[in-house]
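Below you'll find the structure, written out as structure tokens, and then a few comments.
All of the numbers you see were taken from the coordinates with simple rules; none came from a lab. Worth saying up front: this structure is predicted, and the values here are computed from it rather than measured. Neighbour counts are summed over all protein chains in view; Cβ atoms, including those assigned to glycine, are modelled from backbone coordinates with ideal geometry.
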Amino acid sequence: MQAAEGKGAGRFAPSPSGDLHIGNVRTGMLAYLWARGSGRRFLWRDEDLDRVRAGAAERQLAEFRALGVRIDGAPVAQSARTAGYADACARLEEAGLVYECFCSRRDILAAPSAPHAPPGAYPGTCRDLDEGQRAQARERLRSQGRSPALRLRTDGGERTVGDEVRGEVTARLDDLVLRRGDGVWAYNLAVVVDDGEMGIDQVVRGDDLASSAPRQAHLAELLGLPVPQYAHVPLVLGPTGQRLAKRDGAVTLAQLAGTGFDLWAWMGESLGFGPWTGLDDALAGFDPARMVREPVVFDPDANACGAHARSAMTSR
Ligand code: GLU
């Protein structure tokens with residue numbers, strides 16, 4: 001494990017569920033430029049607790065290395081770190097902040113939500129069950145071959161964190177899942193424990209995760225871990241205006257190879273810096289303050305016939 005000493009660190013933490021598309025590559029590259037541009041180390045983490053496709057983690061890292069990215073230390077795999085998540089959860093439990101949740105997804109959707117709760121927030125059904133009710137619910141789940149999830153007890157208050165791109169991000173805290181009913185450690189807990197223990201003090205990632213940041217900051221504080229600096233960067237959208245996805249067409253580096261698509265030129269232009277020629281040029285030209293803050297559209301069809309990157313890109 002990378003020690004949390006010395007200068008700070010940024011990171012890229014992709015889920016190895018398949019090949020990265022160029023929107024993910026752009027986000028990871030921004031994390032790299034942000035880290036190096038601020039004199040930080042750059043760490044790599046495979047978020048492989050869930051949805052793993054064989055060989056994807058290796059291919060994702062190989063693509064970044066082929067682009068010239070240098071990783072500090074060995075890549076870290078979450079699947080090798082479950083003891084740390086269990087330990088963090090036990091500490092929260094000792095502090096009286098963990099409870100068993102017996103709800104199915106359907107139960108949660110059907111329950112009336114608390115006033116001011118964000119959409120999809122847990123309605124609190126299992127928060128205050130007594131021991132007898134819990135024993136009964138455990139038995140009911142066991143007879144269905146299920147186990148309870150573990151949730152964090154929060155007061156539902158609002159929390160704001162600073163964000164280098166958005167200024168600040170505010171979200172209402174909710175009783176997030178720490179361990180799922182199938183025994184898998186939940187994303188929020190794993191990210192917070194890992195970022196803290198890896199000495200990561202700068203989190204650059206897609207802005208679809210912005211609303212998780214206040215919850216993660218809260219969890220970090222409960223665990224006595226420092227809250228990192230956040231930068232939630234705009235996403236690349238597909239032609240329909242939804243975030244870019246594999247179903248939009250040729251969007252991975254492997255699919256785009258040989259089409260004349262110039263990744264560096266596209267990345268630089270789409271971020272408002274003009275076409276980059278490679279990593280050194282990107283490092284020299286990157287300035288977070290001048291970065292385009294709006295999402296950009298990538299249309300694989302416009303690119304398929306070898307058109308210049310510019311025609312595949314429209315600012316929104
Ligand atoms: N593993 C997450 C993803 O691939 C990113 C998590 C994070 O950066 O906090 O979307």
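For region 88-172, the Cβ-based charge dipole about the Cα centre amounts to some 440 debye (Lys, Arg positive; Asp, Glu negative; other atoms uncharged). A simple spin-label model places the labels of I108 and E131 2.9 nm from each other, with each point 7 Å out along Cα-to-Cβ.
Summarising the amide proton neighbourhood of A77: residues at separation of 5 or more, or on other chains, whose placed amide H is nearer than 5 Å comprise D46.
I'd like the orientation of helix 213-222 relative to the chain: the angle between its Cα long axis and the longest Cα principal axis, in ° from 0 to 90, rounded to 10. Roughly 50 degrees between the two axes.
For the pair E139 and E221, label points projected 7 Å from Cα toward Cβ lie 4.1 nm apart.
Less than 5 angstrom separates the built amide H of C101 from those of A149, L150, R151, all sequence-distant by 5 or more or on a different chain.
Which value in deg cm²/dmol, rounded to the nearest 500, describes the helix-derived mean residue ellipticity at 222 nm for the chain, given -39,500 (n - 2.57) per DSSP H run of n ≥ 4 and division by the residue count? Calculated at 222 nm, the ellipticity per residue is -9500 deg cm²/dmol. Sequence-ordered 3J(HN,Hα) estimates for region 153-158 from the Karplus curve with 6.51, -1.76 and 1.60 and θ = phi - 60° stand at 7, 10, 9, x, x, 9 Hz, glycine and proline given as x.
Would you mind ranking D195, D130 by Cβ crowding within 10 Å, fewest neighbours first?
D130, D195
Relative to one another, the C-alpha centroids of region 171-194 and region 28-99 are positioned 15 Å apart.
For region 21-35, 3J(HN,Hα) computed residue by residue from phi via the Karplus equation (6.51, -1.76, 1.60; θ = phi - 60°) reads 9, 5, x, 5, 4, 4, 4, x, 5, 4, 4, 5, 5, 5, 5 Hz, glycine and proline entered as x.
Remark on R243: its backbone amide H falls under 5 Å from those of G238, a criterion applied only to residues 5 or more positions apart or on other chains, H modelled at 1.01 Å from N.
Taken one residue at a time, the phi angles of region 118-134 give Karplus couplings (6.51, -1.76, 1.60, θ = phi - 60°) of x, x, x, 5, 5, x, x, 3, 9, 4, 10, 5, 8, 4, x, 5, 5 Hz. Gly and Pro are set to x.
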